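Read through the structure below, which is laid out as structure tokens, and then see the notes.
The values are calculated or read from the model by the stated rules, or taken from the named source; none is laboratory data. Nothing here was measured: the structure is a model prediction, and the numbers come from that model. Using ideal geometry, Cβ is built from the backbone for each residue, glycine included, and neighbour counts are taken over all protein chains shown.
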Amino acid sequence: MFDIVHGHKRAVQIVLALIILPFAFWGVESYRRVGDSNFVASVGDDEISVQEFEAALKDQQDRLRTLMGRNFDPALFERPEFRLSLVENLVRQRLLSREAVGAGLAVSDVQLASIIQQIAAFQQDGRFSKQRYENVLRNQGMTPLNFEARLKQELAVQQLTDAYAQNTFLPAAVIDRIIRLNEQQREVSVAHIAPDSYLARVKVEPTEAKAYYDGHLPEFGVPEQVRIEYLTLSADSLLGQVQVTPEELTKYYEEREKEFGKAEERQASHILITAGQGASEADRAAALKKAEDLLRQVRQAPNKFAELAKQHSQDPGSAANGGDLGYFARGAMVKPFEDAVFQMKPNEILGPVQSDFGYHVIKLTGIRPGKVAGFDEVKDRIEQEVRKQKAGKKFAEAAEGFSNMVFEQGESLKPAAEAFKLPIQQSSWLSRAGGEVAFPGNEKMLAAVFSEDVLKNKRNTEAIEVAPNTLVSARVIEHRPASTRPFDEVKADVTRRLARQKAGELALKEGGEKLAALAEGKDPGVGWSKPVTVSRQQAPGMPEAIYGKVFGASPAKLPAYVGAENPQGGYILARVSRVAEVASIDDVKRRAYAQQVRQMLGQEELGAYVASLRKKTEVKIRQELLEKK
């Protein structure tokens, strides 16, 4: 019934990403606010409000928390460059939305309903579930109205962008040339002229090592470091302090018994004669007459229902299956259709039932009664959930007290540790760049540890959120100021570094000489590797430094020789001994390449189009608001 979703796959993928990895969609109205001075950017006479920006920021935080877990660092979102990129994305979306609206591009409610019901995130057992739909959106702080307005807008914008992304013209000769270049194969041998073989030929004087040390003192610096002790208050850390009674488990089960059951499901087949909201009265009358005629036929010969559905149903999703829609629960189908099915008796035939899609002739073919899991079956799951909820509540109640105590009794973590029954942990040495600790790379935490109040006044840090429902307070127990390692300590390392540098220079010089000799047809005694066949698509083991030169070598005279400096030291030589062109190009491959290249060029054209929109539209971004923390 809803095959239209395939024609809008990209927009659906975009909006699905916004559900699972949300990006601040608050309905169409938020895209049309004008006159509110509290905005971070303006696009023409449209303003992107601070509230809209903060919602986008929050949603990005939620997304990264989910992806990164304990490694999540809230400080990332305080960086002006990150906040600016977020606003730039909102500006781009606004520019395209304005153009789509101005061009009169729109999506009908019937199309929208069709697409939503095909989205897997909203389905249960392969069928659309209204309850799941509402739950998924609610979990992301959205309402169906917000989401549907956003999806409508995204589909309208897609119609605009598809004009660029899917309509680039490419001559067949160009595609064939690209295929031949991309799939051309070359047989290549390589030789590495490594610095190690030249180490015995170089000597580093003590004066050279000392001169290098004196001229590169920053390389031998040791950053300021601290060791800390810290307390972590989290919902997880409080799980062991939570007691759960049998009465609480029973109460939880009784209050949510339906959640532990499976709703009644029904299987139905239908014959659909379409007459959507845009149909004329004449078309509706004709559709109704045809549905009534089919109803008479199936009532006279019920065993021919599947055959008639295959012949006459205008639902492409089920017609081939004889109209079978499979099993579904309430909330999976449009309301008029669903209401009819759930009042029917087995094998009953009913119709015509009118919905937004047209007229349905329905046959009920099966019923699966609902079932509720017994308390003993779900007791462990309930206990885990109740314990988690109580720990979360305990954390919420304890967070303020914890924050106050580590601040008010800032000379020690011991009072808070005793009051909240938390272990005091210790870290290894940390620099401002981080280190091995439970909150790696958390910039806000590290900044607090190295602050004057904590470092010099020996006080606790404030309670800092390093992850959702996780507060940490720390204090410095040992401090090492920044220093420079003495020459005697690094002398051996410096000597080895200089020796390798000199050996690398010799290898580089000899590599160039060998390449010149090969070009003259001489044999300089190069130890080549076993030949391998590579292409621009697949070049396993091919050093990156030589890759471009291998495919830039002319095949006119083989073998061809190329060389390049190795970023890891020394020189790389390559011999191209054979070039194999693509034997033939079939239409399937040509179409696949053409699609990829069109998409690439289309994206470039779309980028240029958006840039032109921005050039002719006054866009203002208030940097001072983005730099606020």
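A few points about this structure:
- Matching residues, the range 195-218, being in a helix (DSSP H, G or I) and of a type in the set (Lys, Arg): ARG201, LYS210
- With respect to the conditions (1) assigned to a loop (DSSP other than H, G, I, E, B); (2) in contact with a strand residue (DSSP E or B) (Cβ under 6 Å, 6 or more places away or on another chain); (3) small (Gly, Ala, Ser), SER269 lacks only one, and its number is (1).
- In the range 163-170 there is no residue matching the filter, namely being part of a helix (DSSP H, G or I), surrounded by fewer than 17 Cβ atoms within 10 Å (Cβ to Cβ), touching a residue at least 24 places away in the same chain (Cβ under 8 Å) and not β-branched (Val, Ile, Thr).
- Those strands (runs of 3 or more DSSP E) lying entirely in the range 527-609 with at least 3 residues surrounded by 15 or more Cβ atoms within 10 Å (Cβ to Cβ), at pLDDT 85 or above and of a type outside the set (Ser, Thr, Tyr): 560-565, 571-580
- Subset of the range 322-337 (residues that are more than 21 Å from LEU308 (Cβ to Cβ) and assigned to a loop (DSSP other than H, G, I, E, B)): ALA329, ARG330, GLY331, ALA332, VAL334
- The sole residue among GLU183, GLU148, GLU154, GLU134 that is surrounded by 14 or more Cβ atoms within 10 Å (Cβ to Cβ) and free of Cβ contacts under 8 Å to residues at least 12 places away in the same chain is GLU134.
- Residue list for the range 465-487, restricted to those being hydrophobic (A, V, I, L, M, F, W, C), buried (at least 19 other Cβ atoms within 10 Å of the Cβ) and modelled with pLDDT of 90 or more: LEU471, VAL472, ALA474, VAL476
- For the range 322-345, filtering for residues that are under 15 Å from ARG127 (Cα atoms), without any contact (Cβ under 8 Å) to a residue 40 or more places away in the chain and surrounded by 15 or more Cβ atoms within 10 Å (Cβ to Cβ) leaves 1.
- The set of residues in the range 361-387 that are buried (at least 18 other Cβ atoms within 10 Å of the Cβ), in contact with an Asp or Glu (Cβ under 6 Å, 6 or more places away or on another chain) and either outside any helix (DSSP H, G or I) or modelled with pLDDT under 80 (or both) contains only LEU364.
- Residue match in the range 494-503 (condition: under 30 Å from LEU181 (Cβ atoms) and either at pLDDT 95 or above or surrounded by fewer than 18 Cβ atoms within 10 Å (Cβ to Cβ) (or both)): no
- Of the residues making up the range 434-459, those that are on the phi < 0 side of the Ramachandran plot, out of contact with any Phe, Trp or Tyr (no Cβ under 7 Å at 6 or more places or on another chain) and either basic (Lys, Arg) or modelled with pLDDT of 75 or more (or both) number 15.
- Lone qualifier among ASP324, ASP293 - being acidic (Asp, Glu) and either more than 21 Å from ASN347 (Cβ to Cβ) or more than 37 Å from the chain's Cα centre (by Cα) (or both): ASP293
- ALA309 closer than 28 Å to GLU254 by Cα and touching a residue at least 24 places away in the same chain (Cβ under 8 Å): no
- With respect to the stated conditions, SER197 fails to be among the small types (Gly, Ala, Ser), in contact (Cβ under 8 Å) with a residue 40 or more places away in the chain and touching a helix residue (DSSP H, G or I) at 6+ places or on another chain (Cβ under 6 Å).
- Candidates in the range 274-287 are the residues that are part of a loop (DSSP other than H, G, I, E, B) and over 40 Å from the mean Cα position of the chain (by Cα); of these, the one that is modelled with the lowest pLDDT is ALA279.
- For ILE271, the conditions (1) at pLDDT below 90; (2) within 23 Å of LEU112 (Cα to Cα) are fulfilled apart from (1).
- Subset of the range 274-303 [among the polar types (S, T, N, Q) and either free of Cβ contacts under 8 Å to residues at least 12 places away in the same chain or outside the structural domain of GLY358 (by TED's automatic domain parsing) (or both)]: SER280, GLN297, GLN300, ASN303
- Residues (touching a residue at least 60 places away in the same chain (Cβ under 8 Å), under 31 Å from the mean Cα position of the chain (by Cα) and closer than 16 Å to THR232 by Cα) located in the range 386-435: ALA391, GLY392, PHE395
- Qualifying position, being over 30 Å from ARG497 (Cα atoms), in the same structural domain as GLU510 (by TED's automatic domain parsing), out of contact with any Asp or Glu (no Cβ under 7 Å at 6 or more places or on another chain) and without any contact (Cβ under 8 Å) to a residue 12 or more places away in the chain, among ALA556, ALA592, ALA560: ALA556
- Look at the range 521-543: where a residue is free of Cβ contacts under 8 Å to residues at least 40 places away in the same chain and a partner is surrounded by 15 or more Cβ atoms within 10 Å (Cβ to Cβ) and aromatic (Phe, Trp, Tyr), sitting 6+ places away or on another chain with Cβ atoms under 7 Å, you get ALA539/TYR547.
- Within the option set VAL110, VAL91, being in a helix (DSSP H, G or I), at pLDDT below 80 and in the same structural domain as GLU618 (by TED's automatic domain parsing) holds for one residue only, VAL110.
- Of ALA263, ALA319, ALA285, all but one fail to be out of contact with any Leu (no Cβ under 9 Å at 6 or more places or on another chain) and surrounded by 15 or more Cβ atoms within 10 Å (Cβ to Cβ); the exception is ALA263.
- Residue under evaluation VAL222, criteria (1) under 30 Å from SER451 (Cα atoms); (2) more than 39 Å from the chain's Cα centre (by Cα); (3) of a type in the set (Val, Ile, Thr), criterion not met: (2)
- Here PHE357, PHE375, PHE395 are screened, and the one residue that is within 30 Å of GLN297 (Cβ to Cβ) and among the aromatic types (Phe, Trp, Tyr) is PHE357.
- Of the residues ALA503, ALA448, the single one that is assigned by TED's automatic domain parsing to the domain that holds LEU231 and of a type in the set (Gly, Ala, Ser) is ALA448.
- Under the condition of being part of a strand (DSSP E or B) and either on the phi > 0 side of the Ramachandran plot or of a type in the set (Phe, Trp, Tyr) (or both), the residues counted in the range 224-266 number 1.
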